[in-house]
Amino acid sequence: MRDGAEYFSPPEPYTCLRVSVQKPQLGMLYVNVCSWKRVPAPASPTQPVPVCGGKLESISQGQEIYNIVDVAFNPEVLHRAEKNSQEKEQIHLLALNFIQKQHKLHLSQHYTVMKAKLKGILQDMKHRLMSLHRPLSQDNSQFQFKPAQSLLQQISSLRIEEEESCIQLNEGQKDKEKVRPGLIEVISSTEIVPPQQPKHQMTVCSLSSDSVKKIKLCVELPEISSVSQCQLSISQDDIMLEVEQLYFLHLWFPERVKEDTCHATFNKKKHILTVTVTVL
């Protein structure tokens with residue numbers, strides 16, 4: 001009965017990641033990373049880490065339209081990662097790489113950890129995950145869970161089977177390298193040149209005609225010749241600018257804004273991007 005209660009316990013929100021989808025151009029994607037006892041823990045610290053994922057959905061909430069997907073880990077895995085910032089980051093990378101392979105997406109190399117643990121409605125998240133992972137049979141006394149064997153290419157290697165939406169992370173280079181227990185292998189920093197943070201200035205100004213306040217952001221992009229090279233995303237709390245392999249900028253607004261009032265212009269001579277948005 002105790003095992004059954006744990007198996008049927010719903011997933012709980014752990015953290016929420018925000019990342020831009022570059023191919024296909026779906027805009028922003030929110031990833032709800034959840035804690036779920038139904039996902040088995042690794043048999044030992046050196047064993048693969050099982051991951052479960054839900055379906056990708058497009059959500060319309062008021063004037064905001066966004067994409068959302070859920071992934072789940074065993075609570076023990078997340079509890080262990082909480083004690084080590086490197087392990088925590090690797091769990092995030094595992095979740096993102098799993099989503100890329102499962103849904104055939106090309107995600108940005110950068111992501112944002114949101115302040116809220118969950119994007120969307122709690123019951124919707126539970127339904128998305130639990131509807132895909134039901135018991136195999138009612139008379140099965142041992143609650144089976146069959147994660148698909150997988151290899152994660154950028155961290156270790158990844159393979160997704162069509163019948164399952166679960167993966168396991170395998171260790172890499174066991175012959176020469178000593179891998180710390182429970183850690184995902186990190187790709188070498190020489191393989192990826194991190195983009196630089198451009199010079200920028202953010203100011204809050206008031207219009208003389210009325211009491212409406214606006215936030216103005218000026219960003220210097222000397223290597224950019226067209227605004228089409230920029231990927232800009234904005235929410236009520238933050239703004240993110242990315243130029244693939246060149247620039248990356250993520251800033252929190254000093255006050256909440258109306259994202260639908262966002263206006264961006266690019267000066268080709270000065271190579272300066274100017275973004276204005278009205279404060280709520």
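Compute the distance from the alpha-carbon center of region 29-86 to that of region 250-280, in whole Å.
Their Cα centres are 32 Å away from one another.
I'd like the GluC sites (Glu not before Pro) in region 240-280 restricted to DSSP loop residues with at most 16 other Cβ atoms within 10 Å, sorted by number.
On the way: sites: Glu242, Glu244, Glu255, Glu259; in loops: Glu244, Glu255.
Answer by residue number: Glu244, Glu255.
Using Cα pairs under 8 angstrom and six or more residues apart, how large is the relative contact order of region 200-278, in percent?
On the way: 142 pairs, mean separation 24.4, N = 79.
Relative CO of region 200-278 lands at 31 percent.
Give a quick list of trypsin sites (Lys or Arg not before Pro) in region 54-99 that DSSP marks as loop, anything other than H, G, I, E or B, with at most 14 other Cβ atoms within 10 Å. Don't jump to the answer; show the numbers that get you there.
Details: sites: Lys55, Arg80, Lys83, Lys88; in loops: Lys55, Lys83.
Hits after loop and neighbour filter: Lys55, Lys83.
Taken together, the values in this text are just the output of simple stated rules run on the coordinates, not laboratory data. Just so we're clear, the structure is a prediction, and the values are computed from it rather than from any experiment. In this analysis, Cβ positions are derived from the backbone assuming ideal geometry, glycine residues included, and neighbour counts consider all displayed protein chains.
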